[in-house]
Amino acid sequence: MVELKDIKKVLVVGAGTMGQQIAFQCAAHDYSVTLYAISNNTVKWARQRLSAYADDLVADGHLDRKLVEKALCNIATTTSPAEAAENADLLSECVPEDPVIKREVFKQFNELCPSRTIFTTNASMLIPSLLAHATGRPDRFVAFHFQQLAWVGNVADIMPHPGTSAEVVALVRDFARSINQIPMVLKKESYGYIFNSMYSGLNSAAISLAANGVAEIEEIDRSWMGIMKMPIGPLGMLDMVGLDTVWSATKYWGDTLNDTQTLKNAYYLKNEYVDNGWLGVKSGRGFYTYPNPAYQEPKFVEGT
């Protein structure tokens, strides 16, 4: 059985927002990381974002420049699945929130990775038993879900399925601690894990208010920020997640549950934002424009 001391190389499959953050978090804690993406354009964009994260961490005083440069050097990027899989000890899957896509990815990398490789999914709403069979190694598979930003909201869910070995759960818990994550081990499978089970209710309500034309984007966020005394509202937070990711998850659950309002929310996100390339922080525009979104203005809550 693999022990924590045996984990040297981490493979992150998917170079989107969370894949980048997980890669950086692991690399900053002295792990060798390979970040895999399907296209050179995605790799280029990921490298730019990783550099931006490094600059932000230095500017905010979280890390010094020497450490972030070392972290960036610990990250290799590739579009070759075989190259990515070579000598991987732990795999973190970070592809879109679609079980069909995730199963295809796990099937592909099961054939390429060493038999010892521990497989994990960063799925935010899907339970691991939906994916376990496709991994080809269900006893060495567990959900390992991070929050944004990984170095700030450093609480990670660890959700085993009935076939996950206790040793793998313990190993992933120890690995989480080694990268400065606070592990929350679930006793049973539950859609939405812990935090997201609560957070998704807020998101759904906020999007519904916008999709139904009840209030303007700014008013929805002002309401939450003013009462809860928060520096950002639910729609501003979704810009950080990425509206393509939010749309994908909303569409999946709308179809799965055949829920009219959830489907309306999905079409609203797609038609008003995703189809226009307005994906949030990463594209420079979502519910707000970036940098310097309106909700950061001193008098935003007051509306002046």
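The values are calculated or read from the model by the stated rules, or taken from the named source; none is laboratory data. Since the model is a prediction, treat every value here as computed from it, not as a measurement. When we count neighbours, we look across all protein chains shown, and the Cβ atoms used for this are built from the backbone with ideal geometry, even at glycine.
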Taking the options 225, 198, name whichever one is assigned to a helix (DSSP H, G or I), out of contact with any Asp or Glu (no Cβ under 6 Å at 6 or more places or on another chain) and closer than 22 Å to residue 146 by Cβ. 198
The lone condition residue 188 fails out of (1) of a type outside the set (Gly, Ala, Ser); (2) part of a loop (DSSP other than H, G, I, E, B); (3) surrounded by 15 or more Cβ atoms within 10 Å (Cβ to Cβ); (4) on the phi < 0 side of the Ramachandran plot is (3)
Of the residues in segment 58-93, those that are farther than 25 Å from residue 124 by Cβ, assigned to a helix (DSSP H, G or I) and small (Gly, Ala, Ser) number 2
Among (1) crowded, with 19+ Cβ neighbours inside 10 Å; (2) modelled with pLDDT of 95 or more, where does residue 193 come up short? (2)
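Residue-wise test of (1) touching a residue at least 40 places away in the same chain (Cβ under 8 Å); (2) within 30 Å of residue 50 (Cα to Cα); (3) under 21 Å from the mean Cα position of the chain (by Cα).
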position: 201; (1), (2), (3): no, no, yes
position: 222; (1), (2), (3): yes, no, no
position: 236; (1), (2), (3): yes, yes, yes
position: 243; (1), (2), (3): yes, yes, yes
position: 253; (1), (2), (3): yes, no, yes
position: 261; (1), (2), (3): yes, no, no
position: 273; (1), (2), (3): no, yes, yes
position: 276; (1), (2), (3): no, yes, no
Note on segment 215-259: residues buried (at least 16 other Cβ atoms within 10 Å of the Cβ), out of contact with any strand residue (DSSP E or B) (no Cβ under 7 Å at 6 or more places or on another chain) and of a type in the set (D, E, K, R) are 218, 221, 222, 244, 251
Restricting the search to segment 1-16, which residues are buried (at least 24 other Cβ atoms within 10 Å of the Cβ) and either at positive phi or part of a helix (DSSP H, G or I) (or both)? 14
Identify the single condition in (1) more than 18 Å from the chain's Cα centre (by Cα); (2) at pLDDT 95 or above that residue 64 does not satisfy, given that it satisfies every other one. (2)
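Looking only at segment 228-250, count every residue that is among the polar types (S, T, N, Q) and in contact with an Asp or Glu (Cβ under 6 Å, 6 or more places away or on another chain) and tell me the total.
1
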Please go through segment 23-57 and give me each residue that is assigned to a helix (DSSP H, G or I), out of contact with any Leu (no Cβ under 9 Å at 6 or more places or on another chain) and of a type in the set (A, V, I, L, M), ordered by number. 52
Subset of segment 263-294, residues buried (at least 21 other Cβ atoms within 10 Å of the Cβ), among the hydroxyl-bearing types (Ser, Thr, Tyr) and not in a loop (DSSP other than H, G, I, E, B), comes to none
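For residue 265, state whether it is closer than 23 Å to residue 97 by Cβ and either not hydrophobic (A, V, I, L, M, F, W, C) or not assigned by TED's automatic domain parsing to the domain that holds residue 95 (or both).
yes
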Only one of these is within 12 Å of residue 12 (Cα to Cα) and of a type in the set (Asp, Glu): 89, 64. Name it. 89
Out of 54, 84, 76, sole residue that is among the small types (Gly, Ala, Ser) and either closer than 14 Å to residue 14 by Cβ or free of Cβ contacts under 8 Å to residues at least 12 places away in the same chain (or both): 84
Given the structure, is residue 151 out of contact with any Ser or Thr (no Cβ under 7 Å at 6 or more places or on another chain), at pLDDT below 95 and aromatic (Phe, Trp, Tyr)? yes
Sole exception among (1) under 17 Å from residue 17 (Cα atoms); (2) in contact with a strand residue (DSSP E or B) (Cβ under 8 Å, 6 or more places away or on another chain) for residue 96, by number: (2)
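The rows are residues; the columns are (1) among the charged types (D, E, K, R); (2) within 11 Å of residue 151 (Cα to Cα).
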| residue | (1), (2) |
| --- | --- |
| 28 | no, yes |
| 36 | no, no |
| 39 | no, no |
| 45 | no, no |
| 56 | yes, no |
| 59 | no, no |
| 63 | no, yes |
